[in-house]
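Contents: one structure, followed by commentary.
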Amino acid sequence: MFLGKGPDAFVKHLPSVASHALIRKGENPETSVVQKISMAGRQFAAQGHVETFDEGPTLLVSEQEEGKQKVKTEVTIERDNLMGENDEIEVSIHVYRDGEPEFLPVVPRLIFTMTQEKDIWRLIEVTLAAHVPLTNPDYLKGVRKQEDQLNESIASSRVNMIASAEARYAAKYPDRGYSCSMTELFGKADSGDTADQPSESYAPNFAADESSGYHFSLAGCAGNPASKFRVTAVPLESDSGMKTFCADESGTVRFEVNGKGASCLSRGQILNQTTVSFPSQVD
């Protein structure tokens, strides 16, 4: 119905009442919803990497490349209930990226209700359902993974912001050098100096030691003026599998998988982000 090569593949499966109401003579794909759907289906099928199946649970498989990644989309039949002259078919959509299932917070499902009219199956209703399987271990694992990735992104950005704040603070107070106090870096005395610094109202939360599943700490600010510092962000749950992040006076943010913080600066990998610009020396 949707992928047929003929121009009438979609139209012939519409019920008579829908055909009479939606199809007018002289209409084109720009003005007709029916023709838009029909043309989109034919164009999709003509791409050459779409395979359909007449038997089995898999209805359709589409493969394409997005950059260097291979993306496969599968449409599978969850249930097919034949009730008298009506047939209700529920399908689900699954996406795989480089062979790994891609997590979807809401699993889309489509329910097609068909009925026989003049010996042809006609589509009389389409229902879009949002499926959230809260008892599925794989789904719950995907939710947790997505949240952990978000926390990692927030933590790495915050480490970078702390390192930037250290550079500004040392430049503003050369007699003190770097600071190991979050309050001094983001408190009232130093707020509003630059456009990218947190506002005064946000500073108390930003200066907190714990946030987004991470513990943040500053150390190594010895000397007068202090010429060194190190900032670390360590997951609050040691078995979470989340990365540890760190930075020092070099301005380079690093990360270590399952690290404890102490070895991050010496063994951590460089994070793919812009290095902070620091003063050449602290006098």
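The table below gives the values:
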read-out: LEU271 long-range amide H proximity, modeled H, under 5 Å; value: VAL253, ARG254, PHE255
read-out: Spin-label pair THR135/LEU110, simplified geometry with 7 Å Cα→Cβ offset, distance in nm; value: 2.8
read-out: SER217 accessible area, 1.4 Å probe, all protein chains in place, Å² to nearest 10; value: 40
read-out: Estimated inter-spin distance, THR127 and SER19, nm [label 7 Å along Cα→Cβ]; value: 2.7
read-out: Estimated FRET transfer efficiency (ALA262, LEU150; beta-carbon r; R0 30 Å; 0.05); value: 0.70
read-out: Inverse mean reciprocal Cα-Cα distance (Kirkwood Rh) of the stretch 69-174, Å; value: 18.1
read-out: Amide hydrogen neighbours beyond the local backbone of HIS215, cut-off 5 Å, H modeled; value: VAL234, LEU236
read-out: Point-to-point label distance, ASP98-ARG176, nm (Cα→Cβ direction, 7 Å offset); value: 4.4
read-out: FRET E, pair SER32, LEU82, Förster distance 41 Å, beta-carbon r, rounded to 0.05; value: 0.80
read-out: Cβ-derived FRET efficiency at R0 22 Å, THR183 paired with LEU236, nearest 0.05; value: 0.55
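The values are calculated or read from the model by the stated rules, or taken from the named source; none is laboratory data. Only a predicted model underlies this, so the values are computations on that prediction, with no experimental measurement involved. Note that we place each Cβ from the backbone using ideal geometry, even for glycine, and neighbour counts take in every protein chain shown. Please note that ligands, DNA and RNA were not included when accessible areas were found on the heavy atoms of the full protein model with its side chains. Shrake-Rupley method; radii C 1.70, N 1.55, O 1.52, S 1.80 Å.
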